[in-house]
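Read the structure below first, then the notes.
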Amino acid sequence: MHWKIRPRQLASVAILTGLALAIAACGSYGKGYPNSTFNNTTEFNTAIKSLWDTLLFWGTFVFILVEGILLYTVFRFRRRSDADEPQHVHGNTALEIGWTIAPAVILTFIAIPTVRTIFRTQARAVPNALQVEVVGHQWWWEFRYPQFTTRTPTGRVDTLVTANDLYLPIGRTVNFTLRTKDVIHSFWVPQLGGKRDLVSNHTNYLWFTPDTSLRTTVFNGSCNEYCGASHANMRFRTFVVTPTEFDGWVQHQLSPAAFAAAPPAPATPAPADTARAAGAPTRPASASPAPVPVTPAVAVAQQPTGYTFPMESLPDYASPDTPTPAGLSFPDNITGDAQRGAEQFARSACIGCHTIRGTVAASPIGPNLTHIATRSTIAAGIYPNDARHLRLWIKNARMMKPGVAMPTLGLGQRDPVTGATVSQSLGGLSDQQIADIVAYLQALR
Amino acid sequence: MSASPALDHIQAGPHGHHYTTTGLDSRKIAVWAFIGSECMLFASLISTYLIYKGRSVVGPFPHEACNPPVCATALKPILNIPVTSASTFVLLMSSLAMVLALAAVENRDLPKHSLGDRILGSSKLWLWMTCILGATFLGFQSYEFTSFVHEGLSIRTNLFGSSFFTLTGFHGAHVTAGVIWLGTLLAIDYKRGLGPDDAINVDIAALYWHFVDVVWIAIFTLVYLIK
Amino acid sequence: MATVAASPTYAGAESGEHTGLWSWLTTVDHKRIGVLYLYTSLFFFLFGGLEAVLIRAQLAGPNKHLVSAETFNQLFTMHGTTMIFLAVMPLSASFFNFLIPLQIGARDVAFPRLNAFSYWVYLFGGLFITLPIFFAAAPDGGWFGYAPLTTRQFSQGVNIDFWVLGLQILGISSLAAAFNFITTIINLRAPGMNLMRMPMFTWMSFVVQFLLVLAFPVITIALFFLQFDRFFGTNFYEIGAGGDPLLWQHLFWIFGHPEVYILILPAFGLVSEVLPTNSKKPLFGYPVMVYSGILIGFLGFGVWAHHMFSVGMGPIADTVFGLTTLLIAIPTGVKIFNWIFTMWGGSIRFTTAMKFAIGLVALFTIGGISGVSHASPPADLQQTDTYYIVAHFHYVLFGGSIMGIFAGIYHYFPKMFGRMMNEKLGSWHFWLNFIAMNLTFFPMHFSGMLGMPRRIYTYDAGQGWETFNLISSIGAFMLVVATAIFVWNFFRSKSSGPLAPDNPWDAATLEWSIPSPPPEYNFAEIPLVESRYPLWDLTHPERTSEIPHTHEGWSDQEKAADAKPVHIERDRRSAKELGIPMPLPTIKPLFVALGIVVMLSGLIFIHKEDKSAAAALIALGAMMIIGFLYAWVTSPLEPDHH
Ligand code: HEA
Ligand code: HEA
Ligand code: CUA
Ligand SMILES: [Cu+2]
């Protein structure tokens, strides 16, 4: 067998590949990369980017220099004949001093802006900053806004709490207080700045100011410290909105939950469009692939007004496409009833972990569901917040997300962790009951 | 029988055991390297103890008393400095005995003129002394451990308990290993007598023993004396 | 060479007692132990590579579910652990074993039986930590096993138990070997082989042994704490009791950063042998190469917290560790430039080994530069725990350590096995490997800086990462082809390559003055060394004329050592015929090693209802250790010649 090409000729392939990659590199600065770290979106990120530009400059310089000399040497001094006998230099002090000092000088150019940036970005946040407490959980994010509270009818003071959707006003410094309920996580919105870990038994801080040049938009965030089975599934969305929109959002989130005050009496289901007419933000029909007939919210007196990011304009990169597990399905032809769902919820395992302000559900273990219908995703950014996914989720969360603490609840479902089949006595829910609960959750605007 | 020592070794040189680069016995160099790594081992343990000092969420504590309501029951400072000073003294004396044992082995063949010479020249006596003093130290330590457990401090109680017992336990394990090592030397001494040819074996055991002793001085100072 | 009649079966196998399985189980010959290390670690390299390929298959596209989250987490944990502890470190150990005594003119290492023990501990420890993957119970805490995720509260299964105990076992092996090599290098150098004449590989290995001795005890303690927490309920990393996860991080990285220099310096050493030999020039700036190696090792202990810039250490600590980390670029740069200037003005022969060595210079530089970009703490906040870091460490580990080790394998294969490797296949291996390596790891710079976290088993579509990941995965599959060519070349050359002369590459150091493969006693006559390049003194005196030589400067002791001036060794007689005492083969180190593993396996069962299995294994292991250790220390090393 005769090989026509010699392995060395692969070198041209190597060079071409290199070029292609270099071109791709330049593209990194361009659009189309929704999680790019190269942005001037906050003063924090601007500082990092200018540091990065310095590093990239000197890195490229050293790279070209070293590889250039190396290639030249290798070509220039290749052996032409076995009789070649080179000159025998065994060292050169001047040269060696030179290449000790030159890198030292370059490193000084790197060190000075580095140290400056360290002290600038780790200074204290301005006192009037918006305070956000970030609490990491295996595997979801709790965001608390301690400056925004509301008093319940019973006189308790409730703080604005949400999960996996972070809202930030443009132009105001936000100071994050980072804590974890369990293992170490790491909070990161690549478009807005560097990351910071949430370390058990420690409190960390991070602050930045969304730049006034920004328009209302959404950025992806993720957990960046390996934290167990669903580390990859610990994502969140950051909505950067105008101050007015932010105030509207706060007002909305602080309003009582739907049904909270409604008597648990069989209410007459309201016409389908009452809720929409009330001016509440709507969910896009397109979010659920197969439109599922859902009984909408009962017309409750205090239907919230205010702002929620319009989910129909959620960009593609922020709408999750995670496939649902094979072997998990939910019949299309079941219609849920929100009122029944509310009662069912209050009787089920749900209240062991979740809070819905103003109801019996008041446990801090899982995400707060008071206004769950305003959220963009469920399960920490991995599924769209629509009826189909909510129903599958309640039916068998453990198949939907590895390691999740939420139990499998669908009657007859096999819990993939314990291997047990969910029965009536274990609090299993029928498909109808699940549909009811989902109708209720979708009414929690 | 030529009881080959614990650390068997090859030496350069074509015909037997003459030439080494440094002129030193290879076993001695190996033990020095070993001691280097032991330093890092104890440095890690001691640092951990110091880092965790004062960070236990429940008592008992090393130097501080703790009274209700902070603690469910009243707790007195748990470290017993007088007793530990005594045991420290014992361990220090064992190092002295070790020095004498080595000297006795090295000088076995010197003539002995007086009773004093004979006492100083008895390797068995001094090896026994070292072993006994080492064992006494271990006795003190087990007394300390049991009394701590009675006072409610176990390795699982709090950070202090975990880091204290682990640190002193590792040290105790090293002393135990040393006592066993010296025991084997004694056995050889009884079997065929230790002479200048075996001095290297005693020498490396002594090196180890002194090292363990020095570590204890550090522990005693940092854990017991400094509040 | 006419005298080399027999096919080069492994080292000194003239008499029947030196062949067969039993002879390998009982060998105490450093060369055969080196070969055992080589086979075992190459096997683990393929295993770790296979895990990597599965990782790349899963990540080739978005939302792929070839393997479950749990399996993926085991795969990357075991990939990292395997590559670092079971592949690269022991590949280096293979060269320590085979080469150090040959390079310094010694007959064996200082403690041959301890050396065998190190190998067996490594083998059993490696199997101990690897086998659980076949039962879906492999470690899954990441290669740096951050607490509290790895405590019993958050990792209840036996997975992490295997990791903790496995690393403890492997630590014993590394430490025992390090004591042995430190002693060997300090004490068994041939007369005249002073420190500034030692071959660069021996020098770099010497530095590595110190790093091992000083770094391993720290992870030993960190692991003891975790082990005690998991098995005995102590509180070191218990969150409820006030335990501090940063304690683990500090202890781990005080070990972990020196560890990365443990992984790279032997490769640097090998390359420093290959480059001068194939350029017909002495190493440029030998003394500076020595000092920079020492300096790298030294500074390596002061930079650990650069792995922790995101944990919130505060501005002062960030500054200190950022600056010390930047400093390391200086001595490393010196090495790079000295290598290039070793070739400059030379007559470069492109053997496969040479190509890999040049590949190291080219690729390690890239990894070094990205390393410097992590050393700037604020910049690192955008980089840490993303694929950008994964790109960095594969450039230094694959582009550095693995390329250097391949250079070493091609260069020393003739000496190890007495046959030449096929250069044409070698060339294919090199070029495919070089291209595929860049294809795999270069795009990771982009996916990382474009926001892709590491250690994720899946990612969503539309994040801008698809193309880069696909290219990486294609590259990984090309690496399989490249590696397969190497494996084929290795085994084919071993059985039927052309017989190797003593010094096929016209190299300058002592190991090339003796037959290939060397006889069991290495040197029939201990060489008396008078320069850094003894063989070139004989054949090309003009190459070394400027380098200091000793002509009569040996000490009395050295002169009395019964050594002969360096010469090409023609004697092919056996040790017995020459009257050289050889250490006796023994099985005892193997059983002591096995005893340790059996004993620690017992701990795995300690949380089971029925503790009798645990007790039985612990007792059995302890008995094996005590019994065989006793037999070991009371049996003579060499036949009694009194
Ligand atoms: C062989 C192993 C190896 C080597 C040699 C290195 C070498 C270096 N490493 Fe790397 N590193 C790893 C293996 C290695 N690393 C691994 C495995 C990790 C990840 C661990 C994990 O998280 O899993 C890691 C992670 C890591 C981090 C943490 C990143 C993070 O997690 O956020 C940092 C941060 O500073 C860093 C820096 C460096 C630096 C500055 C060097 C320097 O030594 C490099 C010096 C070399 C050069 C710079 C090139 C040559 C020099 C010149 C040509 C001179 C001129 C150059 C300049 C002036 C720039 N490394
Ligand atoms: C020396 C160390 C080393 C080496 C050589 C490699 C080699 C490779 N590694 Fe790496 N890697 C690490 C050390 C190393 N790695 C470490 C420390 C981590 C971090 C782990 C952690 O986060 O905890 C890591 C993590 C890591 C990740 C990130 C995982 C994650 O974060 O989720 C990825 C992803 O692509 C990857 C890919 C690869 C690939 C494709 C190779 C390729 O180079 C492999 C090439 C393949 C082969 C060489 C073998 C092919 C052969 C066969 C399949 C069998 C053929 C059989 C015969 C011929 C008989 N590695
Ligand atoms: Cu939380 Cu990773
Ligand atoms: Cu490092």
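The values are calculated or read from the model by the stated rules, or taken from the named source; none is laboratory data. Given the structure is predicted, the values throughout are model-derived calculations rather than measurements. A quick note on method: Cβ atoms are made from the backbone with ideal geometry, for glycine too, and the neighbour counts reach across all protein chains shown. For accessibility, only protein heavy atoms count, side chains too; no ligands or nucleic acids. Shrake-Rupley method; radii C 1.70, N 1.55, O 1.52, S 1.80 Å.
If you take the Cα centroid of the range B:200-217 and the Cα centroid of the range A:39-58, the two points sit 56 Å apart. The range A:337-391 and the range B:39-71 have Cα centres lying 44 Å from one another. Using DSSP, restrict attention to beta bridges with both residues in the protein assembly as shown and report what percent are antiparallel, rounded to the nearest 5. If we restrict to bridges inside the protein assembly as shown, about 70 percent are antiparallel. Rolling a 1.4 angstrom probe over the protein heavy atoms with all chains in place gives the protein assembly as shown an accessible area of 36 Å² per residue.
With the cut-off at 1.5 for a/c, could you classify the range B:90-227 from its C-alpha gyration tensor as rounded, prolate or oblate? It is prolate, given that a/c is not under 1.5 and a/b is the larger ratio. The distance from the alpha carbon centre of the range B:116-160 to that of the range A:116-160 is 55 Å, rounded to a whole number.
With R₀ fixed at 60 Å, the C-beta to C-beta distance from B:Lys191 to C:His567 puts the FRET efficiency at about 0.80.
The residues of the range C:560-593 listed by number as losing at least 20 Å² of accessible area in the complex, against the isolated chain and with a 1.4 Å probe, are C:Ala561, C:Asp562, C:Pro581.
When C:Glu569, B:Glu106, C:Glu546 are compared by accessible area at a 1.4 angstrom probe, the order from most to least is C:Glu546, B:Glu106, C:Glu569.
Averaging the sequence gap over all C-alpha pairs within less than 8 Å and six or more residues apart, then dividing by the number of residues, gives chain C a relative contact order of 18 percent. Separation between the B:Val83 and C:Leu25 pseudo-spin-labels, each 7 Å from Cα along Cα→Cβ, expressed in nm? Distance between label points: 5.1 nm.
Each residue was assigned an accessible area with a 1.4 Å probe, and for A:Cys353 the value is about 50 Å². Packing around the peptides C:125-135, C:519-529, taken as the average count of other Cβ atoms within 10 Å per residue, puts them in this order, highest first: C:519-529, C:125-135. Computed on protein heavy atoms with a 1.4 Å probe, the accessible areas place B:Lys112, C:Lys559, A:Lys195 in the order C:Lys559, B:Lys112, A:Lys195, largest first. Computed in the context of the full set of protein chains, the accessible area of the range A:123-219 at 1.4 Å probe radius has 47% of its extent on carbon or sulfur. Roughly speaking, to the nearest percent, how much of chain C's 1.4 Å accessible area is carbon and sulfur? Accessible surface attributable to carbon and sulfur in chain C totals 71 percent.
Within 10 Å of the Cβ of each residue in C:100-107, the mean number of Cβ atoms contributed by other protein chains is 2. Entry note, the range C:520-618: relative contact order of 26 percent, from Cα contacts under 8 Å with a spacing of 6+ residues. When accessible surface is computed with a 1.4 Å probe, chains C and B are found to bury approximately 4200 Å² between them, both chains counted. Here each label is just a point 7 Å from Cα along the line to Cβ, and for C:Ser496 and C:Glu542 those points are 4.3 nm apart. To the nearest 10, the accessible area of C:Arg492 is 90 Å² with a 1.4 Å probe. Amide H contacts of A:Tyr167: A:Phe239, each under 5 Å away and 5 or more positions distant or on a separate chain (H built 1.01 Å from N in the peptide plane; Pro and chain starts excluded).
About its Cα centre, the range C:471-602 has a charge dipole of approximately 820 debye under the convention of +1 per Lys or Arg Cβ and -1 per Asp or Glu Cβ, with nothing else charged. The C-A contact accounts for approximately 8900 Å² of buried accessible area, totalled over both chains at a 1.4 Å probe radius. Surface composition of the range B:106-227: carbon and sulfur atoms hold 69% of the protein heavy-atom accessible area at a 1.4 Å probe. Cβ-Cβ distance of A:Val360 and A:Lys181, R₀ of 25 Å, FRET efficiency by 1/(1 + (r/R0)^6): the value works out to about 0.65. For a modelled paramagnetic label at A:Tyr72, 7 Å from Cα along Cα-to-Cβ, the residues of the range C:337-367 in reach, with backbone nitrogen under 16 Å, are C:337-346. Given a 1.4 Å probe and the protein chains as shown, C:Ile369 ends up with an accessible area of around 40 Å².
Filter the trypsin sites (Lys or Arg not before Pro) in the range A:57-121 to those in DSSP coil with at most 13 other Cβ atoms within 10 Å of their Cβ, and list the result.
A:Arg80
Counts of other chain beta carbons within 10 angstrom of each beta carbon in peptide C:438-444 average 3. Cross-link pairs exceeding 31 Å in C-alpha to C-alpha distance, out of A:Lys181/C:Lys611; A:Lys195/A:Lys401; C:Lys494/C:Lys576; C:Lys281/C:Lys424; C:Lys31/C:Lys424; B:Lys28/C:Lys588, comprise A:Lys181/C:Lys611.
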